[in-house]
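The values are calculated or read from the model by the stated rules, or taken from the named source; none is laboratory data. Predicted model, so just to flag it, every value in this text is computed and none were measured. Ideal geometry is used to build each Cβ from the backbone, glycine not excepted, and the neighbour counts take in all protein chains shown. We work out accessible area using only protein heavy atoms, side chains counted, and drop any ligands, DNA or RNA first. Shrake-Rupley method; radii C 1.70, N 1.55, O 1.52, S 1.80 Å.
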Amino acid sequence: MDKMVITCAVCGAETMRKDNPNLPITPKEIAQSTYEAYKAGASIVHLHVRKNDGTPTQDPEIFKETIGLIREKCNIVVEITTGGAVGMTDEERLLVVSKVKPEMASLDCGTINFADEYIINTLPTMRNFAKEMNKYNVRPTLECFDLSHIYCAEKLIKEGLLTPPYHYGLVLNVPNGLKYEVDILNMMVSKLPKDAYWTVMGIGGRASLASHYGAIALGGFIRVGFEDNVNYSKGVLAESNAQLVERAVKISKDAGLEIAQPDDVRKMLNIRNV
Ligand code: ZN
């Protein structure tokens, strides 16, 4: 790894204004926060959108409006969620792939606890999502919340439903899921296909910051943002997504890494021209 790729997950589906009043919610706010994150050094935005009251939605029109506003400001790579929010149907989650045709999309690779709820992804669901992404030439981020998810992704690879270059998202420390621990991250990384790219997301302030160092130590990429963590430090709320990106940039540069630009990511992950 010569360059560090920083993804910013600017709002997510579950974070609310009561958690951090600086959370962007409307398309305009999300676009502005994305632009600030881009200027700070993020090359990918992981995008969720909300209704004006803050409720998560997979409405393709709101995604289109938000991406349009982002595109007026910068050329950051746009990755759309297909995880959506807890309780959404598969159809609801997947519609954005055909309607919006983003450069990248997340593809959840299994089922896991999420606080007192659970996120359900059966293999047939995953096959369906992978096929739809192939159809529109959307590069998936294979989100693995558990070791078993890496094996599910491997099954999709064997079935010919995923093609390299692979990009994994290792999501650790969701409430009641697999914790962020150095040995766990190391083991997960060791099970990925050779030459796969990966981004680690530690959920919650402590895990988030620790995961930056895990990424640097093991050759992966970093994700920050209000979806994963609303604090800058213990008990101190982050002022913006950009502030979290700035710290990730500093840590990466201190470790001797260059920061990737959006076009570096497009080349690395062989993302189609849009
Ligand atoms: Zn997300």
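Between a residue in the stretch 165-184 that is surrounded by fewer than 18 Cβ atoms within 10 Å (Cβ to Cβ) and any residue that is among the basic types (Lys, Arg) and assigned to a loop (DSSP other than H, G, I, E, B), which pairs come within a Cβ distance under 6 Å, given they are 6 or more apart or on different chains?
Pairs found: none.
Given (1) surrounded by fewer than 21 Cβ atoms within 10 Å (Cβ to Cβ); (2) more than 13 Å from the ligand (Cβ to nearest atom), where does Ala85 come up short, assuming only one miss?
All conditions pass for Ala85, except number (2).
For residues in the stretch 227-254 being of a type in the set (A, V, I, L, M) and either out of contact with any helix residue (DSSP H, G or I) (no Cβ under 7 Å at 6 or more places or on another chain) or without any contact (Cβ under 8 Å) to a residue 40 or more places away in the chain (or both), which is nearest to Phe114 (Cα to Cα)?
Taking the stretch 227-254 as the starting set, the residues that turn out to be of a type in the set (A, V, I, L, M) are 230, 236-238, 242, 244-245, 248-249, 251.
Now drop any that are not either out of contact with any helix residue (DSSP H, G or I) (no Cβ under 7 Å at 6 or more places or on another chain) or without any contact (Cβ under 8 Å) to a residue 40 or more places away in the chain (or both), which leaves 230, 236-237, 244, 251.
Values: Val230: 18, Val236: 24, Leu237: 23, Leu244: 24, Ile251: 30 Å.
In this case the residue turns out to be Val230.
If Ile222 satisfies all but one of (1) in a loop (DSSP other than H, G, I, E, B); (2) within 24 Å of Asn22 (Cα to Cα); (3) β-branched (Val, Ile, Thr), what's the number of the condition it fails?
(1)
Does Val224 qualify as being crowded, with 19+ Cβ neighbours inside 10 Å and touching a helix residue (DSSP H, G or I) at 6+ places or on another chain (Cβ under 6 Å)?
Details: crowded, with 19+ Cβ neighbours inside 10 Å: yes; touching a helix residue (DSSP H, G or I) at 6+ places or on another chain (Cβ under 6 Å): yes.
In short, yes.
Out of all the residues in the stretch 1-56, which are within 21 Å of Met104 (Cα to Cα), more than 16 Å from the ligand (Cβ to nearest atom) and part of a loop (DSSP other than H, G, I, E, B)?
Met1, Val5, Gly41, Ser43
So is Glu143 open to solvent by 50 Å² or more (accessible area, probe 1.4 Å) and either out of contact with any Phe, Trp or Tyr (no Cβ under 6 Å at 6 or more places or on another chain) or of a type outside the set (Phe, Trp, Tyr) (or both) or not?
no
Look through the stretch 101-129, keep the residues that are aliphatic (A, V, I, L, M) and surrounded by fewer than 18 Cβ atoms within 10 Å (Cβ to Cβ), and return whichever of them is farthest from the ligand (Cβ to nearest atom).
The selected residue is Leu123.
In the stretch 22-59, which residues are out of contact with any Phe, Trp or Tyr (no Cβ under 9 Å at 6 or more places or on another chain) and surrounded by fewer than 17 Cβ atoms within 10 Å (Cβ to Cβ)?
Correct list: Lys28, Lys39, Lys51, Asn52, Asp53, Gly54, Thr55, Asp59.
With respect to Thr82, is the statement that it is among the β-branched types (Val, Ile, Thr), modelled with pLDDT of 95 or more, assigned to a loop (DSSP other than H, G, I, E, B) and within 16 Å of the chain's Cα centre (by Cα) true?
Against the criterion (among the β-branched types (Val, Ile, Thr), modelled with pLDDT of 95 or more, assigned to a loop (DSSP other than H, G, I, E, B) and within 16 Å of the chain's Cα centre (by Cα)), Thr82 qualifies.
Pick from Gly235, Gly204: which is open to solvent by 20 Å² or more (accessible area, probe 1.4 Å), closer than 20 Å to Asp108 by Cα and of a type in the set (Gly, Ala, Ser)?
When all the criteria are applied, what remains is Gly204.
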